[in-house]
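Bear in mind these aren't lab numbers, they're just calculated from the coordinates by the rules spelled out. Because the structure is predicted, anything quoted here is derived from the model rather than measured. Here the Cβ positions follow ideal geometry from the backbone for every residue, glycine too, while neighbour counts run over all protein chains shown.
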Amino acid sequence: FGRLSAWFIDRMRQCFPWCTDDENPTEKPKENNVVGWIQLSIELVPEALAKSMPVGSGRSAPNEYPFLSPPVGRFQFSLNPFYTCYRILGLKQCIRFSCCLCVTLSAVIGVLLLYQMIPVLLANMLI
């Protein structure tokens, strides 16, 4: 790709802040409102060079000049609720959530069992 750099007419690469509030977009963003950055790259090439190096739309073939790698770290839908919980919460929070869920279910099952057993135990004591 470096050998083609002599053919480029203009190349622009700039980072723009991604802010939490859009009250006045003309003002410089405050440090505590910036939640991320967007990097934008635009390259203008001569028409002859553009026709000699065809590219596809997005990541479709031919995927070159430049090569667009598949996205990393995107959410993958699954019907398995445990896998979905893991992907949304992460390992630590998923373990905490699972432990809390087990304790809560155990408590509910225990209360329901006691609710069903108390009349039987009282009846057995009276007979």
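Of note:
- Rounded FRET efficiency, nearest 0.05, which uses the C-beta distance separating Leu89 from Ser41 and R0 of 30 Å: 0.35
- Gain in span if fully extended, Arg96 to Ser78, counting 0.36 nm per residue against the direct Cα distance: 4.4 nm
- Nitroxide proxy distance, nm - points 7 Å out along Cα→Cβ at Met53 and Thr104: 5.5
- Take 66-77, 104-115 and order them by the average number of nearby Cβ atoms within 10 Å per residue, most first; the result is 104-115, 66-77.
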